[in-house]
Every structure is written in structure tokens, then in C-alpha cells.
1. Looking only at segment 1-158, where both bridge partners belong to it, what percent of the DSSP beta bridges are antiparallel (to the nearest 5)?
2. Between beta-carbons, use under 11 Å as the cut-off and find the net charge around residue 208, counting Lys and Arg +1, Asp and Glu -1.
3. Could you give the length gained by full extension between residue 112 and residue 172, i.e. 0.36 nm per residue of separation minus their alpha carbon distance, to one decimal place?
4. Calculate the spin-label point distance for residue 135 paired with residue 44, positioning each point 7 Å from the Cα along the beta-carbon direction, and give it in nanometres.
5. Apply the Kirkwood formula to segment 107-190: the hydrodynamic radius equals the inverse of the mean of 1/r over all pairs of different alpha-carbon atoms; give it in Å with one decimal.
6. Quick one: compute the contact order of the chain, relative version, from alpha carbon pairs under 8 angstrom and 6+ residues apart, as a percent.
7. May I have the extent of the alpha carbons of the chain along their three principal axes, as whole Å values ordered from largest to smallest?
8. Test of understanding: what is the full-extension gain from residue 228 to residue 76, defined as 0.36 nm times their sequence separation minus their Cα-Cα distance?
Amino acid sequence: MGETSATILIVDDEAGVRELLADALRIVGYETLVAGDGDEALTLWRANTVDLCIVDVNMPTMDGFEFVESVRRDDAALPILLLSARDAAADVAHGLRIGADDYVRKPFSLEELLLRVSAILRRTSTSEDDERVLSCGPLTMNLDRHEVTVGDEPVDMSATEFRLLEVLLGKKNHLLSREQLLRDVWDITFDSETSVLDTYISYLRKKIHRDDFAPITTVRGVGFKLVDPRPSA
């Protein structure tokens, strides 16, 4: 699936926002579906092949958070980008915690939103060149099958968690700066005080750290690295 052949579901109770996003996404080559509330969006999602959802948080009947939770009960990997006029850090953290892949605040620039969409689709698409396996101690990551295991235990991951782990594993034992990780995973190349990286590092640690296996380390003020465990003496 190429980026611009993707189908994007837009969910917003404001008709003007739906039309603006649909027009902008179609111009750059995406297919679009639109819904005015979460219930209608769930119906469209179940009836169509959707590659990404762009969902407003503040909607009647079913808000964006409830939509994410409903989707995640059946699909752990579908990329979801939340839109919201709310700027409280707690709201952002809640959206990411329940399974959203990214969060863009209203009002937003179309250029930034299109960059975020492109970055999400790029990191969730696969190609023959990606058919490889990365590992670190008991941690194994199959890029072709989008599978992660620690020992014999499978680990469910969202698209963004998977991409962040892929970047860390691909540069195993190398320090990666915050700026590099934000660029490679979220395509954020501008000055930003976003806490999304710290949030997702926390998610990864909870999912893959086990007892004496804790490979993700923090270098304060610089970034993170994933360290291969030293063999026992």
C-alpha cells in the first residue's frame, strides 16, 4: 500500500472541518470517507477498508476517546490521529494511553496535519524490503508480520509503538537524541515541546521490560538507547 492510495476516515461533527480535511487529503491523492459522529464512523469503519482515522475528540453521542476505545477492542493496529481544541496535557496523555497514535490541536495548519498523516502511513506500511527480524535478548520483532514477542509471549502494539521500537532496535546500543526520534517516528522537524516521546517510551517499557530485562535506557537531557544485555560471566 503506497501512502497516497490509502483510505482515510474523517470523523468530526463540524461539516466545515470535514469538508476542509477531505478536500486537502483528496488533493494529495488519498481516498476519504467522512462521518459526523462516532456511531456513524464505526459503521463506516466496519464496512470499508480504512488505513487511518482522523477523529475529533469533542463530538456528541460518542466522543473521540470513546471511538478509539471501541476500535481498539477489535483492532490494535489501525492508526488513529486525534484532533482537539483541548490543550491540557492530561487530555493528550489520555488519548495516547487508550491507543491513539498522534494528537493534533485545533486550530491546526493543513501543512502540519498532512505531514503527520504522511508520517503515520509511512511507518505503518510494509514492503518487501522490510521483511526482516530484529532482536535484543529475549525480545524479537518481525517487521514483515508486525509481531513482537518477549520470550514466547506475544506483545500487542499500536502502529506508533511498533515504529518507535523498530527505530530503537535498528540502532541497538546507539544513543538516539530526542530530536532524531521525533523526526524518525513522528516526522516532527520543528521546535516542539511535545511529551509524546516520553509517553511512548513509558508504554514500551511497560510492555517489553521483564524482571532483569530492561533494555530501554534514558540519557538525561539527550535521548534514549536500547541496550543489548551483556552475556553473563
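1. Values: 10 of 27 bridges.
Of those bridges, close to 35 percent are antiparallel.
2. Numbers: positive: 205, 206, 207, 210; negative: 153, 161.
Net local charge, residue 208 excluded: +2.
3. Values: separation 60, 0.36 × 60 = 21.60 nm, distance 3.01 nm.
Additional length available on full extension: 18.6 nm.
4. Computed distance between label sites residue 44 and residue 135 equals 4.4 nm.
5. It works out to 13.9 Å.
6. Working: 373 pairs, mean separation 32.6, N = 233.
Averaging sequence separation for qualifying contacts and normalising by length gives 14 percent for the chain.
7. For the chain, the Cα spread along each principal axis is 65, 35, 31 Å.
8. Full extension from residue 228 to residue 76 adds 52.0 nm.
Values in this text are rule-based calculations from the coordinates and carry no lab data. Note that this is a predicted model, so its numbers are computed, not measured. Positions of Cβ are backbone-derived with ideal geometry, glycine not excepted, and every protein chain shown enters the neighbour counts.
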